[in-house]
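Take a look at the structure set out below.
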Amino acid sequence: MGTDVDDAASVEFHAFFERHYAELARLAHLLTGEADAADDLAADALLALWHRWDRVRAAEHPVAYARGVVANLARTRIRGAVRERRRIALFWSQREEKTENPDVAGVVDVQAALRRLPFRKRACVVLRHAFDLSEKDTALALGVSVGTVKSQTSKGMAELQRLLGTRGAPQQLHAAMARGGEAGGRDR
């Protein structure tokens, strides 16, 4: 059971929500340009406000505080969208090459071995060796550090060598991906 203070805070927050939700959603829409995301951002902002309601209600201008939360969430969403566009651009900027007479068995073996790797190791190996991205570009695409790319690629290649039973795993990976592997859904 709640106390009178908890009930009063709940009623006060509900009134704040009713008064300002539409305005906060409109602000989110204007900041992001995404009508679909506006309601979600406003709801996320109000949820964050509820968790800090004691601080918000004590603020001199609670609506300004709420607008700041929406602005920060919108900024985070925009930055995430920009990072995602950069990742997609890296993937699609690779030129398409066709290979005749692919080694289907080799491709199947490499793909099966890749599926056994944890995602981050697999992503690092594929981006570095199938897409020939630099460590820096791979780090940018995955949102990790260059050091993480180095260690995950090294560990992933060692695991592939173990799974494929060969020391020529990098060459086999290059060859398999060039001959019809699924590198981002496109032939390399």
Based on the mean of other Cβ atoms within 10 Å per residue, sort peptides 51-64, 141-154 so the most packed one is first. 141-154, 51-64
Sum up the charges of everything whose Cβ sits under 14 Å from the Cβ of Arg83, counting Lys and Arg as +1 and Asp and Glu as -1, but leave Arg83 out. +4
Take the Cα atoms of segment 109-152, find their three principal axes, and give me the spread along each one in whole Å, biggest first. 28, 18, 14
Hey, with R₀ at 35 Å, roughly what FRET efficiency would Ala112 and Ala81 work out to, going by the Cβ-Cβ distance, to 0.05? 0.55
For the residue pair Ala48 and Ala15, what label-to-label distance in nm results when each label sits 7 Å from Cα along the Cα-to-beta-carbon direction? 2.5
Applying a 10 Å radius around every beta-carbon, put 119-127, 35-43 in order of their mean neighbour count, most first. 119-127, 35-43
Summing +1 per Lys or Arg and -1 per Asp or Glu among the other residues with Cβ less than 14 Å from Thr153's Cβ gives +3
Please report the net charge: other residues with Cβ closer than 9 Å to the Cβ of Ala9, K and R +1, D and E -1. -3
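Every number here is computed from the coordinates shown, using simple stated rules; none is lab data. The structure presented is a predicted model; accordingly, all values stated were derived computationally and were not measured. We place every Cβ from the backbone using ideal geometry, glycine too, and count neighbours over all the protein chains shown.
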